[in-house]
């Protein structure tokens, strides 16, 4: 055995209809029993005493559970010194292939410290320790004095709170970033972009600068060490959803987005990723298939229709040609726009640029379109009438509307899957990962394949 990795064994029993206690008993097989069931060559490469730290059952394949299929899988895999898992090998699987995908995905999805056997790391909710006291203490640590008033605001990706402070503002909005999603450099690029917009009088809300910083990290009061929870504070801005049925509102939104893009064209993101076929199509679809989220009965069908959809997306990009990419808001839809009827800056504004990326300008326009083709063309004409007062628009980008919609659908399913260990997601999306859900995704992508083959919208 070399010094960089260790080969481990894990055995998983799948018991249809088993209670949690029965399933736990199946997983509590002593490590010595696991080794006794393995070939001698497997046992000989484990030099250290065996110590199972924790156990976790992989997800039971939905179609196998429905059909009451039971089985077992014996795996051998390698844990590198950095905790990553690779070289997963099936030594035995009964019935063949039914449970292999799920059992392979479980050790691969979760880091495991080297020197452990079959360790299934229990999921830790990313914000589990972000209690109300922790939120208030974090804000006190950056120099504000909180009043004890705390209101959780709607957000799945991050955790956002309205917090009372002893200040003329009376309230601030605290956004705690999801651990591991963005680097510090990527977050600071978001902050710099919103500040550049505010500096040119575009109605955006940049974070507050406190002690010379816009990005902070909550410290453990007992040790003074960082906890990994990074956050930013914003002035509170209210508003309502815009009424997109009104032509003047659509034109106003077009002017607003045109002003954002005029600033976005001035320079490029260095650290934040691009929105393209790889990041929103190929990579997330491969994750869904390889990690076993798609039910076994639909896996091949889904893989096939995704491949067809991405081929059509590629053709859309070829028809559009070499369109320019710029800094974008990235997630412009009616739920992300706040509208005010009075004040210093009436009209639309954004309070969050968390999804800011590099991409084609049409990405910030197409999600505001809905209805029939004729209705969408009329809406697009109004948006562009306002947009082109401040920014040029390349009509070739209209070839990308349905392609971008397709990429968003693929990326959205992978986004939910990647967040499934966060208790907020199973509660909010209970229908996810059922056979019907994936059947609907297949039909949805087939509809998009047909839509991408049609002529683009005209404006």
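The values are calculated or read from the model by the stated rules, or taken from the named source; none is laboratory data. These figures come from a predicted structure and were not determined experimentally. Cβ placement follows ideal geometry from the backbone for every residue including glycine, while neighbour counts extend to all protein chains displayed.
Key figures for this structure:
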| quantity | calculated |
| --- | --- |
| Qualifying residue in the range 258-276 (condition: in a strand (DSSP E or B), in contact (Cβ under 8 Å) with a residue 24 or more places away in the chain and outside the structural domain of residue 335 (by TED's automatic domain parsing)) | no |
| Residue check for residue 143: assigned to a strand (DSSP E or B) and touching a strand residue (DSSP E or B) at 6+ places or on another chain (Cβ under 8 Å) | no |
| Subset tally (residues that are touching a residue at least 12 places away in the same chain (Cβ under 8 Å) and not in a helix (DSSP H, G or I)) for the range 403-459 | 14 |
| Any hit, the range 381-402, residues being at pLDDT 95 or above, more than 23 Å from residue 276 (Cβ to Cβ), out of contact with any helix residue (DSSP H, G or I) (no Cβ under 7 Å at 6 or more places or on another chain) and in a helix (DSSP H, G or I) | yes |
| Residues being closer than 21 Å to residue 193 by Cβ, out of contact with any strand residue (DSSP E or B) (no Cβ under 6 Å at 6 or more places or on another chain) and part of a strand (DSSP E or B) - total across the range 215-242 | 1 |
| Residue in the range 208-218 that is in contact (Cβ under 8 Å) with a residue 40 or more places away in the chain, closer than 20 Å to residue 332 by Cα and either in the same structural domain as residue 369 (by TED's automatic domain parsing) or touching a helix residue (DSSP H, G or I) at 6+ places or on another chain (Cβ under 6 Å) (or both) present | no |
